[in-house]
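This report concerns only the one structure given below.
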Amino acid sequence: MAIDLLNQTLPSIKSHIYPASISLPDWKLKEGSVPNAASPTHNDATWWNYTIPAPWGGYDKTGWFRKRISIPEQFAGKHVALLLDLPESLIYVNGKPYQGVDVHHQEVLLTTRARANQSFLIALEAYSGRKKELSTFTSAQLVVLNPTARALYQGLMALHELEKTVGQSSPESKEIRELIRQTLVFLKYFKPEGEEYPNAIERAYNFLLRAIEGSYKTDIQGLVHLVGQSHIDVVWLWTLQETKRKCARTFSTALRLMEE
């Protein structure tokens, strides 16, 4: 029963991870190698006007996309991020390499406390890959991020995977299902579209955190090391230049995730 309730509730929690968003359809585009393309002082007036979604590129092509973003007043004081759906890219923020973007890493956290009218110059160095078909910059959004909703969603997903791993007939599985049930009680009587639901998410997350830190805390002494890791093929079916850019995308993403 707890797992059925979890499967029903997870989509509602997920829908609150990004409670507000603004579409960013209009960009500037220039294909090829462009010196200083990421610099805030670079003049992109002669670049193509590009409205997403739209095709670009082709076989082994580089595309530069630029846009200046201003934080709206309703996003002030909140976590604000970009959601980007396009092929492998390195995003530069205010002229500095910031993070890789790909199908598995579409969220780019810009700030944990946004200021109204705060400005960001976004430049994307995108790579089409070694395929003949055209690529597509599918979507771009400026979003408010609710880190508590994301933490609760990921925590419940992890418990669900752990429950399946230990085996449904085991005593540990029963404990995990009970913990899931107790957590979801905080959400059960509120409508996902209601004003109180975000507060219910916070109460559920705080309960889950206390339960794990209290009842499930181990007495085993030890030291845990967290090490950033990523898989990368530095020698594959691409040029040396693309290998360097691949490393930049991969390593910057790993560093950004470690900071979060």
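Residue-wise test of (1) within 24 Å of SER252 (Cα to Cα); (2) among the small types (Gly, Ala, Ser); (3) assigned to a loop (DSSP other than H, G, I, E, B).
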{"position": "ARG130", "(1), (2), (3)": "yes, no, yes"}
{"position": "GLU161", "(1), (2), (3)": "no, no, no"}
{"position": "ILE176", "(1), (2), (3)": "no, no, no"}
{"position": "LEU208", "(1), (2), (3)": "no, no, no"}
{"position": "GLU213", "(1), (2), (3)": "no, no, no"}
{"position": "LEU223", "(1), (2), (3)": "no, no, yes"}
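If a residue has to be more than 15 Å from GLN8 (Cβ to Cβ) and either at pLDDT 95 or above or not charged (D, E, K, R) (or both) to count, how many in the stretch 173-185 make the cut? It would help to see each step written out before you state the result.
Step one: of the stretch 173-185, the residues more than 15 Å from GLN8 (Cβ to Cβ) are 173-176, 178-179, 182.
From what is left, the residues that are either at pLDDT 95 or above or not charged (D, E, K, R) (or both) are 173, 176, 179, 182.
Going through the stretch 173-185 one residue at a time, the tally reaches 4.
Residues in the stretch 174-191 that are surrounded by fewer than 17 Cβ atoms within 10 Å (Cβ to Cβ) and either touching a Gly at 6+ places or on another chain (Cβ under 6 Å) or closer than 14 Å to LEU6 by Cβ (or both): GLU178, ARG181, GLN182, VAL185, LYS188.
Considering ASP60, ASP85, the condition of being in the same structural domain as SER33 (by TED's automatic domain parsing), at positive phi and touching a residue at least 24 places away in the same chain (Cβ under 8 Å) is satisfied by ASP60 alone.
Restricting the first member to the stretch 146-159 and to residues that are in contact (Cβ under 8 Å) with a residue 60 or more places away in the chain and of a type in the set (S, T, N, Q), and the second to residues that are buried (at least 21 other Cβ atoms within 10 Å of the Cβ) and assigned to a helix (DSSP H, G or I), the beta-carbon pairs closer than 9 Å and six or more apart or on different chains are ASN146/ILE201. Condition check for GLN154 on (1) touching a Leu at 6+ places or on another chain (Cβ under 8 Å); (2) assigned to a helix (DSSP H, G or I); (3) surrounded by fewer than 17 Cβ atoms within 10 Å (Cβ to Cβ): one failure, at (1).
For the stretch 104-128, filtered to residues that are part of a loop (DSSP other than H, G, I, E, B) and under 19 Å from the mean Cα position of the chain (by Cα), the residue that is nearest to GLU73 (Cα to Cα) is ALA114.
May I ask you to verify whether PRO19 is within 22 Å of VAL144 (Cα to Cα), surrounded by fewer than 19 Cβ atoms within 10 Å (Cβ to Cβ) and without any contact (Cβ under 8 Å) to a residue 12 or more places away in the chain? Can you show your working first?
Numbers: within 22 Å of VAL144 (Cα to Cα): yes; surrounded by fewer than 19 Cβ atoms within 10 Å (Cβ to Cβ): yes; without any contact (Cβ under 8 Å) to a residue 12 or more places away in the chain: no.
It is false that PRO19 is within 22 Å of VAL144 (Cα to Cα), surrounded by fewer than 19 Cβ atoms within 10 Å (Cβ to Cβ) and without any contact (Cβ under 8 Å) to a residue 12 or more places away in the chain.
Which of the residues that make up the stretch 36-81 are closer than 22 Å to VAL143 by Cβ and touching a Pro at 6+ places or on another chain (Cβ under 8 Å)? Reasoning before the result, please.
Going through the stretch 36-81, the residues closer than 22 Å to VAL143 by Cβ turn out to be 50-54, 65-81.
Scanning the stretch 36-81 gives THR51, ILE52, HIS79.
The values are calculated or read from the model by the stated rules, or taken from the named source; none is laboratory data. Because the structure is predicted, anything quoted here is derived from the model rather than measured. Counting neighbours? That spans all protein chains shown, and the Cβs are built from the backbone with ideal geometry, glycine included.
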